[in-house]
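Read the figures in this text as sums done on the coordinates, not as results from a lab. Computed from a predicted structure; not experimentally measured. So basically every Cβ, Gly included, is an ideal-geometry build from the backbone, and we count neighbours across all protein chains shown.
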Protein chains: 2
Amino acid sequence: MAARKTLYLGTFVHSESLTELEFLYDGAVFVNESGTIVAIQGPCEEAKVKEMMFPRLGWAEADVDIVRAKDGEFFFPGFIDTHIHASQYPNAGIFGQSTLLDWLNTYTFPLEASLADPAKARRVYSRVVRRTLAHGTTCAAYYATIDAASTNLLADLCLAAGQRALIGRVCMDQLSPDYYRDASPEAAMAATRQTIEHIRAVDPQMEIVRPIITPRFAPACSMDLMRQLAELANEQNLPIQTHISENVNEIALVKSLFPPSVTGATPTDDNGQDPTSYASVYDAAGLLNDRTILAHAVHLTEGEARLVARRGAKVSHCPCSNSALGSGAARVRWLLDRGIVCSLGSDVSGGYSPSVLEAARAAVLVSRHVAQGAAAAGQAAEEEADRQKLSVEEVLYLATRGGAEAVGLAGKVGGFEVGMEWDAQLIGLGVVGEDGEVEEQDGGDGNVDVFGWESWPDRVAKWVYTGDDRNTKRVWVKGRLVHERK
Amino acid sequence: MAARKTLYLGTFVHSESLTELEFLYDGAVFVNESGTIVAIQGPCEEAKVKEMMFPRLGWAEADVDIVRAKDGEFFFPGFIDTHIHASQYPNAGIFGQSTLLDWLNTYTFPLEASLADPAKARRVYSRVVRRTLAHGTTCAAYYATIDAASTNLLADLCLAAGQRALIGRVCMDQLSPDYYRDASPEAAMAATRQTIEHIRAVDPQMEIVRPIITPRFAPACSMDLMRQLAELANEQNLPIQTHISENVNEIALVKSLFPPSVTGATPTDDNGQDPTSYASVYDAAGLLNDRTILAHAVHLTEGEARLVARRGAKVSHCPCSNSALGSGAARVRWLLDRGIVCSLGSDVSGGYSPSVLEAARAAVLVSRHVAQGAAAAGQAAEEEADRQKLSVEEVLYLATRGGAEAVGLAGKVGGFEVGMEWDAQLIGLGVVGEDGEVEEQDGGDGNVDVFGWESWPDRVAKWVYTGDDRNTKRVWVKGRLVHERK
């Protein structure tokens, strides 16, 4: 794990703001042994920048590895997947015509339950970590299963592979099949504590793996369990993840399961927040705070969005999943307008792909359906409908900076700045020769065809629309090389 | 080009009907020297089937090549892309925030015009043919540009590479930039005839390449030009391709450009078809018949759909393009319910991907947005909304059998039946070992991870949702091997 000092040279691209990418050409990024960026220079020549910076940093050339991006390649921050069920990966692409609630019972719970078999869990989780790293995911907020031992195994595998991960042992003590349910809130809490202790033991500083409190979703959790989980999260200052408002039938179910007599909820909003809303249920349990990641948020009401914003909870937008399961199209602009931090989740296996790049592309496309829907419903003038569209720049922000905020690592990862850690991917695109052929590059032959006349922003757009894991040549976490294409 | 007799052995999958795939395990398909399927057997053992069939067919074993699908691989009919602008390929993924009409002027027309340069045209078209073959496209209905010479070059390249293609020289004599417009209907007709003659000269039987009459779309064509093109198509029994009802502003433009005083249209529908509708314009020109491919059809009215159905024209559904350009979500079920044949188009570069598999996946996803929209608008009960969803089986039908109908090759390609031609792809999926690793297969390491317990229909679903060109190991057209992954 001990890395050497490294100087990265070439083109660097990252999000300067939600709407703008910053391009640093002929740049130089200096990363120390612990994976922290200590200096950034550019544009500059290699010899000059070494001559100037090495003495200033007190670096001896012999101690420094040099990584050069080739012409046309660029460094980009690693992707952050803020919602992924590692345990569901083998079902990626398998839905039939189901929607959320029947999909859970038909496909999901049986698979999750089967991962209590340690050999199967090792096989599946190893694959997930390999796959997601290959797609440039340097940090993932994982749901495992209710089984503590295999949840711990997932943490071990992430730590060994060097992938930053939030590891969630799934808590669910009601309305789930007998074969896959916590026996009681106490049993759920005990198993959860076991995973937290394990992670503290294997990564005491929680530099790579951290536990995340994971009530599956309100329908599967008693108020008692949710309250105890909220207390634990507060005691230990832990992040929280759950689902919210994914599917209309699920929302109706929450309403019926959690009347105010169960939640003790009272109107909390200035304008009279509905105490039976999905968000109110979590709020009544104490689960809504600025360390909470809420997946989906497709059908939030105006009042719920205000509540979520006020609590500082973050949203994981999962467009692949929402489209595949027919859940709906989340209004990301509407959420952003309300001051809610948004990020991207692959939501494997509601989402069919473990790629955050695919989620980014889907976020662009789904936002155009939101715009169309707004225009068609006459809710908005053309200009306002157009505002619903997310740009390539914006979805890349969600995939990096937004993700970092969601997982509590803002200022530490998600961009290239002095003081941040080197979580990055090297991106290479295919270059079409004069004969129309593409040279086989190291790392294979992806689908991005660059003809040479494209601007840098257009190259990035081509990557987002037509790229895949073949374009992710190398991946680093905290300065450590964690993936390289053969 | 002379192929040998070939016996294909393994698993064969094709569409039996719109809603059902047929699986033939341990099957044997016998293809003669001209690429025609002469016998199909199975399930059977190799030795037995040879012993039984070779004498019956009069084949000597020494004359026969054997192609065996490995365990887990399967043969699938080649994809048919019924709408692709070869000339726009370099812009795949480049849109900005534009919609149809400004996208044409900003991105599309300048690129198309530049392909009058033969070197550039050769570079771009070579790349397109390579790429689409690699994605399993055995037949494509191409739009080239207004330039006859480079359109002919596209035909030559398809013929040389062995890709079935309908080659359309684009006709547009109005409302287009000065630098990219036919000088007159006569000039457009003369250039079109030139490409037809060229194709007849290079492929007299039109076995691989055929000309297709291509008025770009109504806004860019005078009535005079459209009428002359319709006459030419009738004289020579040629297919026709154009765009219809893609974008709401485009539809308004058509209405303003083609009042009945221009088209001479009168109500033609039993129920009083609107004579200023988009479909009526084409009908008035004589362009709507059973050899016509209409791309998009996103916003057709009930009356237009009836007219299209009555004329027997086919629709090319282009979901990637419709989402990316924010055009809307075509109601494929609604079109099918009206008896209209539907197929899939990549619509490069309104569509960002040259892959029909990507279009199939997008068709599944977009149909779920249609269902959601229907449910949200209260237009339909839940069951009726659910009916809008397209299944994996249905989109694969559109990609093969539907495509074959659209391009006038029904009964010849699109499935595996005696008498049909061998246009096929060999699909291989990644198999995850007990250690969670995937063996590097010939042809690379795609994203489909099969764990081994999946049913065959689930494997096909995984391919549709998570597959790409890496899973297309080999491609044949008319018995000729036209692509093989290294």
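Overview of values
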read-out	value
DSSP H segments from chain B that extend 27 Å or more along their own axis, Cα-based, with Kyte-Doolittle mean of -0.5 or above	B:356-376
Estimated 222 nm signal from helices in chain A, with DSSP H stretches of n ≥ 4 weighted -39500 (n - 2.57), rounded to 500	-10500 deg cm²/dmol
Hydrodynamic radius of segment A:218-322 per Kirkwood, over alpha carbon pairs, in Å	13.7 Å
For segment B:79-406, size of Cβ-based charge dipole, Lys and Arg +1, Asp and Glu -1, in debye	760 debye
Three-way shape call for segment A:357-486 based on the alpha-carbon gyration tensor, with the a/c threshold at 1.5	oblate
Segment A:1-70 versus segment B:285-345: alpha-carbon centroid distance in Å	53 Å
Cα-based shape type of segment A:64-111, given that a ≥ b ≥ c are square roots of the gyration tensor eigenvalues and the cut on a/c is 1.5	prolate
Per the axis that maps chain B onto chain A, nearest residue of B (Cβ criterion) and its distance in Å	B:HIS369, 3
Pairwise centroid distance, computed over Cα atoms, of segment B:169-239 with segment A:434-486, Å	38 Å
At q = 0.12, 0.13 Å⁻¹, base-10 log of I(q)/I(0) for chain B (Debye sum, equal scatterers on each alpha carbon)	-1.04, -1.20
Surrounding net charge for A:GLU16, when Lys and Arg each add one and Asp and Glu each subtract one, Cβ distance under 11 Å	-3
Dipole of the protein assembly as shown, positive direction: furthest Cα of A:LEU18, B:GLY373, B:LEU153, with charges on the beta-carbon	B:LEU153
Peptide B:361-368 - average C-beta neighbours from other chains (10 Å radius)	5
Segment B:79-406: relative contact order in percent, alpha carbon pairs under 8 Å with at least 6 residues between	18 percent
Whole-number D in µm²/s for segment B:67-160 (Stokes-Einstein; Kirkwood sum over Cα pairs; 25 °C, 0.890 mPa s)	167 µm²/s
Shortest-first distances to equivalent copies, position A:GLY411, nm, label 7 Å out along Cβ	7.3
For B:GLY286, inter-copy label distances in nm, listed shortest first [label point 7 Å out on the Cα-Cβ vector]	8.1
Inter-chain shielding of A:93-106 (mean C-beta neighbours from other protein chains, 10 Å cut-off)	4
Separation in nanometres of the label points that stand 7 Å from Cα toward Cβ, at A:GLU434 and B:ASN237	4.5 nm
Sorted by Cβ density within 10 Å, fewest first, the residues B:HIS483, B:HIS299	B:HIS299, B:HIS483
Residue exposure sequence - B:LEU238, A:LEU100, A:LEU481 - by fewest surrounding Cβ within 10 Å	A:LEU481, B:LEU238, A:LEU100
Spacing of the two label points (7 Å from each Cα toward its C-beta) at B:ALA62 and A:THR36, in nm	7.8 nm
Radius 12 Å from Cβ of B:VAL370, net charge of other residues (Lys, Arg +1; Asp, Glu -1)	+3
For A:409-419, mean number of other protein chain Cβ atoms within 10 Å	0
Chain B - share of DSSP beta bridges that are antiparallel (%, nearest 5)	45 percent
20 Å-binned pair-distance histogram of the protein assembly as shown (Cα, whole percent)	14, 44, 33, 8, 0
R0 of 56 Å, Cβ-Cβ distance A:ASP290-B:PHE23: FRET efficiency to nearest 0.05	0.60
Tensor-based shape of segment A:267-348 (alpha-carbon gyration tensor, a/c under 1.5 rounded, otherwise prolate or oblate)	prolate
Distances in nm from A:LYS486 to the matching label points in the other copies, shortest first (labels 7 Å along Cα to Cβ)	1.6
Calculated P(r) tail over 13 Å for segment A:333-379, as whole % of Cα pairs	65 percent
Those chymotrypsin sites (Phe, Trp or Tyr not before Pro) in segment A:390-486 that DSSP places in a loop and that have at most 13 other beta carbons within 10 Å	A:TRP453
Share, in percent, of DSSP beta bridges within the protein assembly as shown that are antiparallel, nearest 5	45 percent
Net charge contributed by nearby residues that have their C-beta within less than 13 Å of B:ARG127 (K/R +1, D/E -1)	-1
